[in-house]
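K.L.:
Could you have a look at this structure, given as structure tokens, before my questions?
The values are calculated or read from the model by the stated rules, or taken from the named source; none is laboratory data. The structure displayed is predicted, hence computed values, not measured ones. Because the Cβ atoms are built from the backbone with ideal geometry, glycine has one as well, and the counts that use them run over all protein chains shown.
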């Protein structure tokens, strides 16, 4: 579940108070990162003074990324990694999309072509070509702070639909290339902190673990709205609406555009309409996290329907995007933050301030992933191939769901890469310790990491853990 | 029919007249958002691109150009890309980035046979180039030394101020550039170091100071290091130009090596933007030397903890290029050759620019052009003179008079010298 990160890892170094309550980092007087006062000093040679960082404690392993590290260290043959949400083939191999492979192969060839092209153009003294070249970033020069223009155009079009009024001439949307979903969320969070002092962000209970870290580090207060109902292993819609209604007017509501992480439970189209209604009624600002467009249903357009509904209403809102999963570009950190404004002037100003936040963070974003996305989307053949590959990836996951869902029908109602199994921490621990199945402690499994061949093994593991975990582990595990 | 009309108008009324949903009301969300000022450095390139004059010269942003004024992709990089293309799976790097790339990068800064590397005393993470390394360090400083300040030289790369400001670390300055000599204000620097409270944090440029090109001599570095020891100050080195200053990366790391010899526990930001031409890939490294391995593991975990809510993990591509090159002796040796070529071209242009100005009979001394080192020359031009260079001669540089020597070529050095002479001859 949405357990505090501080509860994992080397708890012995942390003051006891921290473990007891889910501390919102950075908001209280005590610094949870520093050790309690008494600890032994390291003896060092005379010439070296004790470090000024002596009091620093070990950070707990990341509850998600730490799982993969534990998996890597496991030598058991049967081990299964259902931790991090990275797509795997049926053979449980990572998958580089064909379109991406082709582009990369072209890239090294094309850089040679480009150099000779540039020399040719130089003789023509064409500044436009230079402009274009710098614009395209092909020569590895810095991108502008806002990122690759071709990428920004493509990403907004993918999200809203090419003909959509809000992006016509791209006037009303401020789009900035960001460091995947995380980086894009962080830019938006920093903007909120700077211009909406005191405004709160409401996040679903549960949500992706890093959402809280992002808002904490950006010093934006947050609270939760009810989302997951453990009794039905479904959506607590009444609770969600009530909590959104109750929030102070002008709050930010963080919504997962599709394929909710970690539960896999999405509102129905009718429910989305009601959610939009209540948000408008309370004058809240919607804040979409779209990390799985195309991956949920297999269709880019269908997966963007929640976002487009809000755009239809003429609302002003935020959307963070990621291409980690749907283009398999995890490691290249490519995404975008979009701020839909009601005037072109506002969009211009907002964009300039987003740039001002990005500059002291990393100056300008990495070019490689942006170029890949822009090229895939900009080429009709490659775009078509991509859509087909995405349908295939989403299809494989659906098939795995269907196999598992024979025993657990709730799995069939969920969508996307993840499934909330309903297992608690003790049961999840049993999955790992006894069955070498790696998953996050909140009971989330990544179906992308599962093959048809392993479904039976997984089913056995789940049944055993569900029934017997408490027998195996006598000491109740602290949360 | 009538019902539908009523229903339609009712819903339209709800949409439009409700004070909550009208566009007029909505536009108040962003009312307080002012347009941000243009970035002083990157804004120069934007203006340059917009200029249609055939004579225009860009000596603004510090990106290397060859003698034809064109950006360069190093041969070692092209070869590395050829080897990498299509071979790797793009899975997330660990939060600390590419282990191999970090290993090789530490060798460059600390020395191939550094005892600190062997003893695993360095907490290091792959960073988003130099900016990202500085920012993660600034956030780390804020979190674990919350009462501390950062001492920043005057002048410095303008983004340094933005970085520590956004990390909410209060800033102080120390004397560095001496306008009269266009050299180092060594006395001023040492006084400020002495007068700073014990245990202060200082930002130092390891080599090829940006924007002045003025570096302390080896002897001066030794004195600075001794004074730092006496005051128990923390030295954070920004090394963005290793290889670019003298052409020899080992020599350019001398300041760092001196501090290490003297027993300081330092922090370092390293960037491959310039010396490997990987600007847009955003690849660099942040390292913090610790007392022992255990502390290094601890500090590294906290650096990662800061990176996770900023970008989760760093981009792969640039890191792969770096580790491919530095991990292959042939490619590494090719890289070293190419870095020397770039550095030598710049040194050559310094000489030519100075000689051209002297030949034109300039009343001023241009000795500093060849005394200064690295990519930049602090010309001593005033903002007004810079503005004239732009408006009358289409020459673009930052208003502090910083000339990016990397943008000077045999093709434009005469034009540049002439223009500078014209705007300065009456001073």
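K.L.:
Would you say residue B:113 is more than 7 Å from chain A (Cβ to nearest Cβ) and surrounded by fewer than 21 Cβ atoms within 10 Å (Cβ to Cβ)?
P.N.:
yes
K.L.:
When the residues of region B:152-180 are narrowed to those that are more than 22 Å from residue B:39 (Cα to Cα) and touching a residue at least 60 places away in the same chain (Cβ under 8 Å), which ends up surrounded by the fewest Cβ atoms within 10 Å (Cβ to Cβ)?
P.N.:
In this case the residue turns out to be B:179.
K.L.:
Show me the helices (runs of 4 or more DSSP H) entirely contained within region B:61-152 in which 3 or more residues are closer than 21 Å to residue B:164 by Cβ.
P.N.:
Result: B:129-144.
K.L.:
Could you tell me whether residue A:434 is assigned to a helix (DSSP H, G or I), at pLDDT below 85 and touching a helix residue (DSSP H, G or I) at 6+ places or on another chain (Cβ under 8 Å)?
P.N.:
no
K.L.:
Return yes when residue A:413 is surrounded by fewer than 22 Cβ atoms within 10 Å (Cβ to Cβ), touching a strand residue (DSSP E or B) at 6+ places or on another chain (Cβ under 7 Å) and closer than 30 Å to residue A:459 by Cβ and no when it is not.
P.N.:
yes
K.L.:
Hey, residue A:179 hits all of (1) touching a residue at least 40 places away in the same chain (Cβ under 8 Å); (2) within 13 Å of chain B (Cβ to nearest Cβ); (3) more than 14 Å from residue B:311 (Cβ to Cβ) but one; which does it fall short on?
P.N.:
Only one criterion in (1) touching a residue at least 40 places away in the same chain (Cβ under 8 Å); (2) within 13 Å of chain B (Cβ to nearest Cβ); (3) more than 14 Å from residue B:311 (Cβ to Cβ) is unmet by residue A:179, namely (3).
K.L.:
Okay, moving on. Which residue out of B:62, B:43, B:96 is touching a strand residue (DSSP E or B) at 6+ places or on another chain (Cβ under 8 Å), surrounded by 14 or more Cβ atoms within 10 Å (Cβ to Cβ), more than 9 Å from every other protein chain (Cβ to nearest Cβ) and modelled with pLDDT under 85?
P.N.:
Within the list B:62, B:43, B:96, the selection yields B:62.
K.L.:
Could you grab me the full set of residues in region B:182-200 that are touching a helix residue (DSSP H, G or I) at 6+ places or on another chain (Cβ under 9 Å) and in contact (Cβ under 8 Å) with a residue 12 or more places away in the chain?
P.N.:
Of everything in region B:182-200, those that are touching a helix residue (DSSP H, G or I) at 6+ places or on another chain (Cβ under 9 Å) and in contact (Cβ under 8 Å) with a residue 12 or more places away in the chain turn out to be B:182, B:183, B:184, B:186, B:189, B:190, B:193, B:194, B:196, B:198, B:199, B:200.
K.L.:
Which of the residues belonging to region A:329-372 are more than 8 Å from chain B (Cβ to nearest Cβ), touching a strand residue (DSSP E or B) at 6+ places or on another chain (Cβ under 6 Å) and either at pLDDT 90 or above or within 29 Å of residue B:136 (Cβ to Cβ) (or both)?
P.N.:
Scanning region A:329-372 gives A:335, A:336, A:337, A:338, A:339, A:340, A:351, A:354, A:370.
K.L.:
Report whether or not residue A:231 is part of a helix (DSSP H, G or I), out of contact with any strand residue (DSSP E or B) (no Cβ under 8 Å at 6 or more places or on another chain) and farther than 25 Å from residue A:353 by Cα.
P.N.:
When the stated conditions are applied, residue A:231 does not pass them.
K.L.:
Another one. Of the conditions (1) within 14 Å of chain A (Cβ to nearest Cβ); (2) under 30 Å from residue B:414 (Cβ atoms), residue B:345 clears all except one; give me its number.
P.N.:
Residue B:345 satisfies all of (1) within 14 Å of chain A (Cβ to nearest Cβ); (2) under 30 Å from residue B:414 (Cβ atoms) except (1).
K.L.:
For region B:266-296, which positions are more than 7 Å from chain A (Cβ to nearest Cβ) and over 23 Å from the mean Cα position of the chain (by Cα)?
P.N.:
B:293, B:294, B:296
K.L.:
Looking at residue B:173 and the list (1) farther than 14 Å from residue B:224 by Cα; (2) away from chain A (no Cβ under 14 Å); (3) touching a helix residue (DSSP H, G or I) at 6+ places or on another chain (Cβ under 9 Å); (4) outside any strand (DSSP E or B), which single condition is not satisfied?
P.N.:
It is condition (4) that residue B:173 fails.
K.L.:
A further question on this structure: Every residue in region B:304-318 that is within 9 Å of chain A (Cβ to nearest Cβ) and touching a helix residue (DSSP H, G or I) at 6+ places or on another chain (Cβ under 7 Å), please.
P.N.:
B:306, B:308, B:309, B:310, B:311, B:312, B:315, B:316, B:317, B:318
K.L.:
State whether the residues of region A:249-265 include one that is part of a helix (DSSP H, G or I), under 27 Å from residue A:152 (Cα atoms) and modelled with pLDDT of 95 or more.
P.N.:
Within region A:249-265, none of the residues are part of a helix (DSSP H, G or I), under 27 Å from residue A:152 (Cα atoms) and modelled with pLDDT of 95 or more.
K.L.:
Inspect region A:374-389 for any residue being more than 7 Å from chain B (Cβ to nearest Cβ), in contact with a strand residue (DSSP E or B) (Cβ under 9 Å, 6 or more places away or on another chain) and either part of a strand (DSSP E or B) or under 30 Å from residue B:135 (Cα atoms) (or both) and give the result as yes or no.
P.N.:
No - not one qualifying residue is present in region A:374-389.
So that you can scan it fast, the table gives a plain yes or no per residue for (1) modelled with pLDDT of 90 or more; (2) more than 17 Å from residue A:308 (Cα to Cα); (3) surrounded by 24 or more Cβ atoms within 10 Å (Cβ to Cβ); (4) out of contact with any strand residue (DSSP E or B) (no Cβ under 7 Å at 6 or more places or on another chain):
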site: A:146; (1), (2), (3), (4): yes, yes, no, no
site: A:149; (1), (2), (3), (4): yes, yes, no, yes
site: A:167; (1), (2), (3), (4): no, no, no, no
site: A:174; (1), (2), (3), (4): yes, no, yes, no
site: A:180; (1), (2), (3), (4): yes, yes, yes, no
site: A:193; (1), (2), (3), (4): yes, yes, no, yes
site: A:197; (1), (2), (3), (4): no, yes, no, yes
site: A:212; (1), (2), (3), (4): yes, yes, no, no
site: A:215; (1), (2), (3), (4): yes, yes, yes, no
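K.L.:
Spot the failing condition for residue B:78; the list is (1) in contact with a helix residue (DSSP H, G or I) (Cβ under 6 Å, 6 or more places away or on another chain); (2) surrounded by fewer than 24 Cβ atoms within 10 Å (Cβ to Cβ); (3) modelled with pLDDT under 95, and only one is missed.
P.N.:
Residue B:78 satisfies every listed condition except (1).
K.L.:
Do you know which residues across region B:256-278 are farther than 14 Å from residue B:130 by Cβ and in contact with a strand residue (DSSP E or B) (Cβ under 7 Å, 6 or more places away or on another chain)?
P.N.:
The answer is B:256, B:259, B:264, B:265, B:266.
One line per residue, one yes/no per condition, for (1) farther than 30 Å from residue B:321 by Cα; (2) in contact with a helix residue (DSSP H, G or I) (Cβ under 8 Å, 6 or more places away or on another chain); (3) assigned to a loop (DSSP other than H, G, I, E, B):
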site	(1), (2), (3)
B:202	yes, yes, no
B:210	no, no, yes
B:219	yes, no, no
B:269	no, yes, no
B:277	no, yes, yes
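K.L.:
With respect to residue B:226, is the statement that it is assigned to a loop (DSSP other than H, G, I, E, B) and at pLDDT 95 or above true?
P.N.:
no
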